[in-house]
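A quick write-up on the structure given underneath.
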Amino acid sequence: MTQPIDTSIYADVTEAIRSEAARVLTEGQVSAVVGYAAARRKGSAQPIVISDAADAGKLVFTAACVNNLAVYLTKAKKEIPKKGKIGIVVKGCDLKALVGLMGESQLKREELYLIGVPCAGVLASTIQPNTELTSDTIAPKCRECDAHLPVGCDFVPGIALRIQPQLEEKYSAEIARLEAMPPGERWAFWKEQFSKCIKCYACRQVCPFCFCEQCLCDRNKPQMVETTPRPAGNFAWHIVRAMHLAGRCAGCAECERVCPMDIPLNLLNRKMARELKELFGHEAGFEVNDKGPLTTFTEKDDQSFIK
Amino acid sequence: MCEHSKNIYLPNLATIDAIVEETPDVRTLRLVFQDEQVRDNFSFRAGQFAEYSAFGAGESTFCIASSPTREGYIECCFRASGRVTEALRGLEVGDTLGVRGPYGNSFPIEDFFGKNLVFVAGGIALPPLRTVIWNCLDLREKFGDITIVYGAKTEADLVYKHELKEWQQRGDVKLVKTVDPGGNGPEWDGKVGFVPTILEEAAPSAENSIALVCGPPIMIKFTLPVLERLGFSDDAIYTTLENRMKCGLGKCGRCNVGNVYVCKDGPVFTAKQVKAMPQEF
Amino acid sequence: MQKYISEQNFNALLDSLIKAGKRVVAPRMNAGTPLYEPITASGEMVMDQLPRRSGKEAFFPLCEDIMSYEKEGQKIELKDIDPARFPETVLVGVRPCDAAAIPVLDAVFSWDYKDEFFLERRNKTTVIGLACTRADDACFCTAVGLSPADPKGADLFLTPLAGGGYGCVTYSDKGEALVNANTELFKEPNDSGALPLAEPQSETFDLKRVKAWLDEHFEDPSWDSIATRCVGCGACAFVCPACHCFDIVDEGTEKAGKRRKNWDACGFWKFTHHASGHNPRDLQPKRYRNRIMHKFKYYDDKFGQTLCTGCGRCIRLCPVGIDIAAVLEAIMKDE
């Protein structure tokens, strides 16, 4: 049965973001604010960087504000000027990614002005922008969200999020389904999915943690993973990426959202996240942790995989 | 393009006949086509380029550096800087590589008959002009004065060192060679100074003259104004551009500068054409 | 010629082509995503969704071998690919925005050097187009001079009829040959009117005016504001019916391997990167500018055609909402 999701606070959140952005820009507290603005298609939103307080009126927060804006603050995006403090609008999932980046010394907390938004959810990638947010149209990642209210921001509108219906966790169910499969069946599942991959690298380009200025797979001396979009190389690409994200991925699920071929990439990342939680007690959250599980070693670390 | 196939991407096979180590990282390869028909029929014009295959690594784009007047072989000259050029550097005499071409437009040599020629080149950019130089020297009586201004960062970085001697010793060419300040060894007998400066000093006459320039962007940037000051019009200055290429024949969409495809509309351009392009190269 | 074919007969037509060993490529669901792919039975077709990719891969595959090499000592042996091996294909259910790009691509693939990988596949493919009765606000075929019932690029064009089945019109020898080979399935046209066609809500773009603006605005600060948010993936280029840039790579070992031609995109930072480290299009706004310039200026300068059919896929699928129709609207409003 379709359940509506209450997004009535979004209009007030929009107003709050606008006035706060205008304030911090006027007072010179930040040199720019990265946020969302309305786009041409009805009901859609797009990332925007404003540096003039007069443009603060362009900022919005709606169920179409799907992007994780953290990607624009990484060193991979050279075009965004990083002079002085930068303001950024963050949902809880986006903030987890920023926190991860801080833990990896990619960002300094004092160089950011975090404008957090209480979020009831955003639309799924296969849904047209001008659609009501319901249990049928909500993004899969939002069904398991534990970060509706970002913590540790410089500003969060004092607007209480209305109680939302408890939604069935689709990722957990799907992971359980795959885990229960014999390896041959699981292989067939992923082979079918990866046969659609066109190596557009949209998954990599929107990921805040794929900030390497030259991706390993873009190097050709040697060519570690073949570039050709066919099963062998596609598998290698996605496994390499999942491994490189293990212990870092914050679960924003942008990779899955942007995949033009609907490959359920977040399943891989969520599965890795579970492994990391089980083996090393690690979970992405709102606390900066500069001792990432795969970048530090303690004697207590699980070594059961060494046979 | 391979004679016996409709596959425009299929290279001809060639054997490396000789290798010259021009500098520690620059090599000349002399190539002989393996197929007799190709060997007999392959022809090109000075300025054209080819795609050279190091099978397993890929293809790389260089001009055909030998003169079209020399039959039976072609030469290419390259610096080992990337995956393919490093693989090419690893090849030995007797090894096989691929040659796809000739591609691109060429220098309108016939338009230069009766004129004086001024060649200006820097470093690894001499090869695209060297093909024209030998083409003209092999038809010497058709041209007026020939002046060559060539320089590199250091003595060791000069390419075609033995040919520089040849040009110096012929009576019918004026060679001005130079190295950047600090690049000269104790026995250096040429000039010391950047190429544009030395060119201005040499002051070749622009009357009835064509200038051919090839060098790194910074050298071109400072050389064109010198030629302008000497009285060369933009129509009388020729250069060749290079850009990242793959297909070499106008389809892969990569080498365009504005609406100009370097592989099809070039690589030879006049200064007038270059100035009309968006500065995106 | 004009004909009528019922839904049932259309399915029978496809099934008989499949049985005769022809490769029939039609929209079908692949692991939950609609794509133009080979089908094994007419029942696999899905006709109510726009496939996620354009179907250009029927002529211009995502990846294809262009030769193979084998090394023995100092000798190399090359194996050529024979275009005669490309299968006879019927491409079915092709929307006008996808079909219209096919003749546009002919220009570049036959520019002096004939790319038989593309052209031979073209020769061997019969395109059955299908009119659209639905559109969303990303569609803008009408804005670039096409329409939901434009038969450009189709050998045989189908229009869904109110009374069921399709009105068919042939536009080429291939289309006629298909009809003539199946006269028992194609009937004379009946008086059923067409179903109402889709109405993409988009202002018409004066492509001459857009090109004139692009001729003068290579350097313009608006490229930064349009494209700074572009993240440099290849999604827009790969789903586009008209984009055709490609890479050539050797894959294998020094001893043996293949040379392949794979899709590439000008949005990638590597696309124009020299081995020396120099990159003429080193920042994303420059790369995005090249995309717009190529589509609406360079291809016109070279071949007199526009490299966009208004399918809207790049708009729907861009990770950061870059909207090519919004870019064109802004250009139209400038000056």
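Here, each number is a calculation from the coordinates, and none is a lab measurement. Everything numeric here is computed off the predicted structure, so don't read it as measured data. Quick reminder, even Gly has a Cβ in these numbers, built from the backbone with ideal geometry, and neighbours come from all protein chains shown.
A Gaussian network model of chain C, with springs between Cα atoms under 10 Å, assigns the largest mean-square fluctuation among C:S16, C:S276, C:S225 to C:S276.
Charge tally for C:R53 (other residues, Cβ to Cβ under 14 Å; Lys, Arg +1; Asp, Glu -1): +4. Using the Cβ-Cβ distance between A:W187 and C:A326 with R0 = 35 Å, the FRET efficiency computed as 1/(1 + (r/R0)^6) comes to roughly 0.25. Model label sites at A:E79 and B:R70, defined 7 Å from Cα along the beta-carbon direction, differ in position by 4.7 nm. Remark: relative contact order (chain B) = 17 percent; criterion is Cα-Cα distance under 8 angstrom and separation of 6 or more residues.
Counting Cβ atoms of other protein chains within 10 Å of each Cβ in A:66-79 and taking the mean gives 3.
Remark: B:M277, C:M332, C:M1 ranked as C:M1, C:M332, B:M277, counting other beta-carbon atoms within 10 Å and listing the fewest first.
Roughly what % of Cα-Cα distances in the protein assembly as shown sit above 50 Å, to the whole percent? Before the final figure, lay out each step's value.
Details: 120557 of 425503 pairs.
Of all Cα-Cα pairs in the protein assembly as shown, 28 percent lie more than 50 Å apart.
Sorting B:37-43, C:269-275 by their mean Cβ neighbour count within 10 Å, with the most densely packed peptide first, gives C:269-275, B:37-43.
Across peptide A:229-241, what mean number of C-beta atoms from other chains lies inside 10 Å of a residue's C-beta? Don't skip to the end; give the middle numbers.
Numbers: counts 6, 5, 0, 1, 3, 0, 0, 0, 0, 0, 0, 0, 0.
Across A:229-241, the average partner-chain Cβ count within 10 Å equals 1.
Rounded to the nearest 500, the helix-only mean residue ellipticity at 222 nm of chain C stands at -7500 deg cm²/dmol, with each DSSP H run of n ≥ 4 adding -39,500 (n - 2.57).
Helix A:231-245 and the long axis of chain A differ in direction by around 60°, with both axes built from C-alpha atoms.
Stretching A:Q3 away from A:I159 to a fully extended chain increases their span by 53.9 nm, per 0.36 nm per residue minus the current alpha-carbon distance. Here's the list of lysines a cross-link from C:K71 could span, going by alpha-carbon distance under 20 Å and ignoring same-chain residues fewer than 8 apart: C:K79, C:K255, C:K258.
Given the peptides A:168-179, B:94-105, arrange them by the average over their residues of other C-beta atoms within 10 Å, most packed first. Could the numbers behind the result be given before it?
Details: A:168-179: 13.7, B:94-105: 20.8.
Final packing ranking: B:94-105, A:168-179.
Rounded to the nearest 10 degrees, the inclination of helix A:183-194 to the longest alpha-carbon principal axis of chain A is 50 degrees.
Could you list C:R260, A:R186 in order of exposure, starting from the residue whose Cβ has the fewest other Cβ atoms within 10 Å?
Numbers: C:R260 23, A:R186 14.
Ordered from fewest to most neighbouring Cβ atoms within 10 Å, C:R260, A:R186 come out as A:R186, C:R260.
The C-alpha atoms of chain B define a longest principal axis, and helix B:217-230 lies at about 40 degrees to it. Residues within the reach of a label modelled at B:F222 (point 7 angstrom out along Cα to beta-carbon, backbone nitrogen below 14 Å), restricted to the stretch B:110-134, are B:121-123.
Going by how many other beta carbons lie within 10 Å of each one, how would you line up C:C308, A:C255, A:C212, B:C252, fewest first?
On the way: C:C308 31, A:C255 27, A:C212 15, B:C252 22.
Exposure proxy ranking, most exposed first: A:C212, B:C252, A:C255, C:C308.
With both labels modelled 7 Å from their Cα along Cα-to-Cβ, the B:A156 to B:D111 distance reads 4.1 nm.
Which whole number in µm²/s is D for chain B by Stokes-Einstein, with the Kirkwood Rh taken over Cα pairs at 37 °C and 0.692 mPa s?
Working: Rh = 19.2 Å.
Roughly 171 µm²/s, to the nearest whole number.
Taking label points 7 Å from Cα along the Cα-to-Cβ direction, C:D65 and A:T298 give a separation of 5.3 nm. Relative contact order of chain C: 20 percent, from C-alpha pairs under 8 Å at least 6 residues apart in sequence.
What shape does the stretch C:2-333 take by its C-alpha gyration tensor, where a ≥ b ≥ c are the square roots of the eigenvalues and a/c under 1.5 counts as rounded, a/b above b/c as prolate, and the rest as oblate?
oblate
In this structure, the residue pairs whose Cα-Cα separation is over 22 Å, taken from C:K295/C:K333; C:K211/C:K270; A:K191/B:K251, are C:K211/C:K270; A:K191/B:K251. Summing Lys, Arg as +1 and Asp, Glu as -1, what charge do residues with Cβ under 12 Å from the Cβ of A:Y201 carry, A:Y201 excluded? Taking every Cβ under 12 Å from that of A:Y201, the sum is +2.
Calculated mean residue ellipticity, 222 nm, chain A: -9000 deg cm²/dmol, from DSSP H runs (n ≥ 4) at -39500 (n - 2.57) each, averaged per residue and rounded to 500. Only DSSP H runs of four or more residues enter the estimate; each adds -39500 (n - 2.57), and after division by the residues of chain B the mean residue ellipticity at 222 nm equals -6000 deg cm²/dmol.
Over the stretch B:109-240, what is the relative contact order in whole percent, taking alpha-carbon pairs under 8 Å and six or more residues apart?
On the way: 229 pairs, mean separation 37.7, N = 132.
Computed value for the stretch B:109-240: 29 percent relative contact order.
Summarise the partner chain shielding of C:319-332 as one whole number: the mean count of Cβ atoms from other chains within 10 Å of each residue's Cβ. Walk me through the numbers before you get to the answer.
Numbers: counts 17, 12, 14, 3, 5, 1, 2, 4, 1, 0, 1, 1, 0, 0.
Partner-chain Cβ atoms within 10 Å, mean over residues of C:319-332: 4.
Counted by Cβ distance under 14 Å from B:V262, the other residues give a net charge of +3, where Lys and Arg count +1 and Asp and Glu count -1.
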